[in-house]
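Q: First, the structure itself, so that you have it in front of you.
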Amino acid sequence: FTPTTLVLGASGDSSGKTGLQADVQDDSQPWAGAIFLYSREAGDFVQNTFVKASHAVSGDGFAFDIAISGDTLVTAAPYDDWGGAGINPTSSDASRTDTGAVYVFR
């Protein structure tokens, strides 16, 4: 068995940027969390994607748990405070302390 993809969760990452390929040098949000994806190239693993929550906030713990199935990546942010409900909430309310969230990437 030789894996071609490596996925690492870093729930303690402190970058405050959001989305794919966010700025890894930003340290404005301690414990916001991040996912690092690596692919095998010429026998070595090379980082090719850096994934952040759509709203990276200090203490959310994004990437605390990760699951992969085919091309789908699922991760938890158990301390997420976002107040939106349902799928792809648009609320900007962050007053619900530690309610948690699940993110699905395809």
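The values are calculated or read from the model by the stated rules, or taken from the named source; none is laboratory data. These numbers come from a predicted model, not from an experiment. Because the Cβ atoms are built from the backbone with ideal geometry, glycine has one as well, and the counts that use them run over all protein chains shown. Each accessible area value is taken on the protein alone, full model and side chains, heavy atoms only, with ligands, DNA and RNA left out. Shrake-Rupley method; radii C 1.70, N 1.55, O 1.52, S 1.80 Å.
Q: How much net charge surrounds residue 79 when only other residues with a Cβ under 13 Å from its Cβ are counted (Lys, Arg +1; Asp, Glu -1)?
A: -4
Q: Tell me, what is the FRET efficiency for residue 97 and residue 48 to the nearest 0.05, using R0 = 41 angstrom and their Cβ-Cβ distance as r?
A: 0.75
Q: With a 1.4 Å probe and all protein chains kept in place, how much accessible area does residue 17 have, in Å² rounded to the nearest 10?
A: 90
Q: Using only alpha carbon pairs under 8 Å that are at least six residues apart, calculate the relative contact order of the chain and give it in whole percent.
A: Relative contact order comes out at 21 percent.
Q: Over the heavy atoms of residue 60, what accessible area does a 1.4 Å probe trace out, to the nearest 10 Å²?
A: So the heavy atoms of residue 60 present about 10 Å² to solvent.
Q: Which semi-axes, in whole Å and largest first, does the equivalent ellipsoid of the range 1-79 have when worked out from the alpha carbon gyration tensor as the square roots of 5 times its eigenvalues?
A: In descending order the semi-axes read 23, 14, 9 Å.
Q: For 2, 18, give the ranking by accessible area with the largest first, probe 1.4 Å. Mind dumping the intermediate values first?
A: On the way: 2 95, 18 70 Å².
From most exposed to least exposed: 2, 18.
Q: What is the dipole size for the range 1-92, taken about its Cα centre, with +1 at each Lys and Arg Cβ and -1 at each Asp and Glu Cβ, in debye to the nearest 20?
A: With only Lys, Arg, Asp and Glu charged at Cβ, the dipole is about 140 debye.
Q: Order the following by accessible area, largest value first: 103, 38. Probe radius 1.4 Å; ligands, DNA and RNA are ignored. Walk me through the numbers on the way to the answer.
A: Values: 103 30, 38 50 Å².
My answer, sorted largest first, is 38, 103.
Q: Note down the net charge around residue 15, summing +1 for each Lys or Arg and -1 for each Asp or Glu among other residues with Cβ under 11 Å from its Cβ. Provide the component values of the computation, followed by the final result.
A: Details: positive: 17, 52; negative: 13, 23, 26, 27.
That works out to -2.
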